[in-house]
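Remarks on the structure that follows.
Each reported figure results from applying straightforward, stated rules to the coordinates on display, with no laboratory input. The structure presented is a predicted model; accordingly, all values stated were derived computationally and were not measured. Here the Cβ positions follow ideal geometry from the backbone for every residue, glycine too, while neighbour counts run over all protein chains shown.
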Amino acid sequence: MNKPTFFRSSVMGIVHLWRSVMDVKFNPLKYVADPSLQSYFMLVLFTIWSVAFGFIATYHLGWLGYSTVTSVVVHLTVLIPILVTNAVFVDA
């Protein structure tokens with residue numbers, strides 16, 4: 001068997017890191033039995049990290065007029081439908 005290329009190994013490493021944080025099948029939230037609670041915890045963690053990165057970006061990049069609330073709202077408008085779709089798929 002041939003050794004995987006550097007590109008393939010890099011991509012698989014990125015996928016593994018992504019799943020270990022963002023996929024509830026792989027992260028520690030897999031031990032929470034209820035999928036709606038898993039989604040709730042992921043949503044809370046997402047909000048906390050969005051606000052934290054918003055403050056960091058505002059401070060270090062010197063963005064004038066940056067609104068953390070707007071950033072959280074925009075991210076939530078994308079994330080909530082994804083979570084609802086995931087809950088429907090898991091329930092089906």
For the chain, what is the calculated [θ] at 222 nm in deg cm²/dmol (nearest 500), taking -39500 (n - 2.57) for each run of four or more DSSP H residues and dividing by its residue count? -26000 deg cm²/dmol
Using the Cα centre of the chain as the reference point, and only Cβ charges (+1 on K/R, -1 on D/E), how large is the resulting charge dipole? Debye, rounded to the nearest 20. 400 debye
Expected unfolding gain across Ser10-Ile82 under the 0.36 nm per residue rule, minus the alpha-carbon gap, is 23.2 nm
Just check the chain against the gyration tensor rule for me: Cα atoms, a ≥ b ≥ c as the square roots of the eigenvalues, rounded for a/c under 1.5, and otherwise prolate or oblate depending on whether a/b exceeds b/c. oblate
